[in-house]
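The values are calculated or read from the model by the stated rules, or taken from the named source; none is laboratory data. Just so it is clear, the structure is predicted and the values come from calculations on it, not from any experiment. Cβ coordinates were reconstructed from backbone atoms using ideal geometry, including for glycine residues, and neighbour counts include every protein chain displayed.
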Amino acid sequence: MKGAHDLGGKSGFGPINPEQDEPVFHHDWEKRAFALTLAAGFLGKWNLDMSRYARERMDDDSYLASSYYEKWIHGLQTLLVEKGILTQEEIEQRMRQIASDGKLD
Amino acid sequence: MSEHKHAHPPKQEEIRVKALESLLVEKGLVDPLALDKLVDVYEHRVGPQNGAKVVARAWCDPAYQARLLEDATAAIAEFGFEGRQGEDMIALENTPSVHNMVVCTLCSCYPWPVLGLPPVWYKSPPYRARAVSEPRSVLEEFGVKLEKHVEVRVWDSTAEVRYLVIPMRPEGTEHLSEVQLAGLVTRDSMIGTGIVKPPESAQ
């Protein structure tokens, strides 16, 4: 399956710029995205390959523009909805509610 | 100094994470304390310090090194490092004539039990694209300049098979203990984008 994720040998991405003394996570939300993805995986509704495929199905521009954990949380949402665990509507409603409350913690 | 595009948290994603977590917790499908524990494990307990112990033992104990090259998964499990994203490990030995480096061109496959979670550059398009087509210039960006006669082997990880590079032991370290040697082994040297320096220059 070809897609933006199939990056081997592609050109035009520029230098690698490794970060010195990089922390494991850069933001608290990345920690939650990581742990939530693992914990939801324990529900046993999908496997690792399905998780990857959920991320790879992002459109090419979004895939390349998204950070690692943005892809993870996008993929997780896709799987949760596809498996009927959450609905798109309840997710969007909850997001609106959190945004209007202005409270993330 | 490198700049990172997510220096400012993407608010939308932050909200999305919170929304998914709160919904799953309400439905009793995930336990917030279990999430805290997972974060703690991968932030503090699992990391390249694990792989460094494996490498140092391989340097000090030829019988261990032989087991590691024969069946890396089992040899690594002797330390208790096993499980998620390390179920099928292969150890790659660097020599004066062969330098191994590891990439995952398709995503971010990485040997979690021995190296922890991958750094951003490992997961990013420039490294994934270029490691296979121009490994020497990639290595130079990491400050590794190999002599011409050294063969570079690039290994593309998969969802199943993960690699650990056994870097060359630096000269002048014969007097060091296994624990001291482990302190010299860097994450990048076990990905193959670094070499292990002797103690004087490691400062």
Original post:
Can you tell me which residues in the range A:65-101 are more than 7 Å from every other protein chain (Cβ to nearest Cβ), in a helix (DSSP H, G or I) and of a type in the set (D, E, K, R)?
Top reply: A:Lys71, A:Glu82, A:Glu89, A:Glu92, A:Arg96, A:Asp101
Original post:
Among (1) more than 26 Å from A:Asn17 (Cβ to Cβ); (2) within 14 Å of chain A (Cβ to nearest Cβ); (3) not hydrophobic (A, V, I, L, M, F, W, C), which single condition is B:Pro118 missing?
Top reply: (1)
Original post:
Is it the case that some residue within the range B:36-50 is in contact with an Asp or Glu (Cβ under 7 Å, 6 or more places away or on another chain) and either over 12 Å from B:Leu164 (Cβ atoms) or touching a residue at least 24 places away in the same chain (Cβ under 8 Å) (or both)?
Top reply: no
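Just to check your reading of the model, which residue among A:Asp21, A:Asp61 is outside any loop (DSSP other than H, G, I, E, B) and either at pLDDT 80 or above or more than 7 Å from every other protein chain (Cβ to nearest Cβ) (or both)?
On the way: A:Asp21 fails: outside any loop (DSSP other than H, G, I, E, B).
Just a single option satisfies the conditions, and that option is A:Asp61.
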**OP:** Name every residue in the range B:145-171 that is part of a loop (DSSP other than H, G, I, E, B) and either in contact (Cβ under 8 Å) with a residue 60 or more places away in the chain or buried (at least 18 other Cβ atoms within 10 Å of the Cβ) (or both), in order of residue number.
**Re:** B:Ser157, B:Glu160, B:Pro167, B:Met168, B:Arg169, B:Pro170
Original post:
Does B:Tyr110 satisfy being in a helix (DSSP H, G or I) and among the hydroxyl-bearing types (Ser, Thr, Tyr)?
Top reply: no
Subject >> Matching residues, the range B:113-144, being among the hydrophobic types (A, V, I, L, M, F, W, C) and part of a loop (DSSP other than H, G, I, E, B) >> reply: B:Leu117, B:Ala131, B:Val132, B:Phe142, B:Val144
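Yes/no matrix, rows are residues, columns are (1) within 17 Å of the chain's Cα centre (by Cα); (2) within 14 Å of chain A (Cβ to nearest Cβ); (3) surrounded by 13 or more Cβ atoms within 10 Å (Cβ to Cβ); (4) more than 21 Å from A:Trp72 (Cβ to Cβ):
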| site | (1), (2), (3), (4) |
| --- | --- |
| B:Leu29 | no, yes, yes, no |
| B:Asp61 | no, no, yes, yes |
| B:Gln65 | no, no, yes, yes |
| B:Glu82 | yes, no, yes, yes |
| B:Gln85 | yes, yes, yes, no |
| B:Cys104 | yes, yes, yes, no |
